[in-house]
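Bear in mind that the values in this text are calculations on the coordinates, not laboratory data. Please read these numbers as outputs of a predicted model, since none were measured by experiment. Note: ideal-geometry Cβ built from the backbone for every residue, glycine included; neighbour counts use all protein chains shown.
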Amino acid sequence: MIKFTLIIWVCSFTAGNRCMPPITFPTAFNSWKECTIAAHTESIKIIESSEPDFFNENKVGMKYVCRPDRTY
């Protein structure tokens, strides 16, 4: 069975599209759907825990991938 690993980047969508180092989550997800739901849930947590000015001034958003992982 293929599991999925979630990786999220916090990125500025202004000129240059720079991203912070990726956050790799230790949980292995059983399906693409579970991983995608977790990506959105975790993204909301990151946004809510950050300073509004940082997000607004840098036009910050999340980028994510659910990477297939056959090592599980």
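Projected onto its three principal axes, the C-alpha set of the stretch 9-56 covers 36, 22, 17 Å, listed from the longest axis down.
Excluding same-chain neighbours fewer than eight residues apart, the aspartates and glutamates reachable from residue 59 by a Cα-Cα span under 14 Å are 51. Evaluated with a Cβ-only charge set (Lys, Arg +1; Asp, Glu -1), the chain carries a dipole of roughly 380 debye about its Cα centre, given to the nearest 20. Structural descriptor for the chain: relative contact order 51 percent, calculated from alpha carbon pairs under 8 angstrom and at least 6 residues apart. Across the stretch 29-45, rounded Karplus estimates of 3J(HN,Hα) from the backbone phi angles (6.51 cos²θ - 1.76 cosθ + 1.60, θ = phi - 60°) give 9, 7, 8, 4, 4, 4, 5, 5, 4, 4, 4, 6, 4, 5, 4, 4, 4 Hz, Gly and Pro being marked x.
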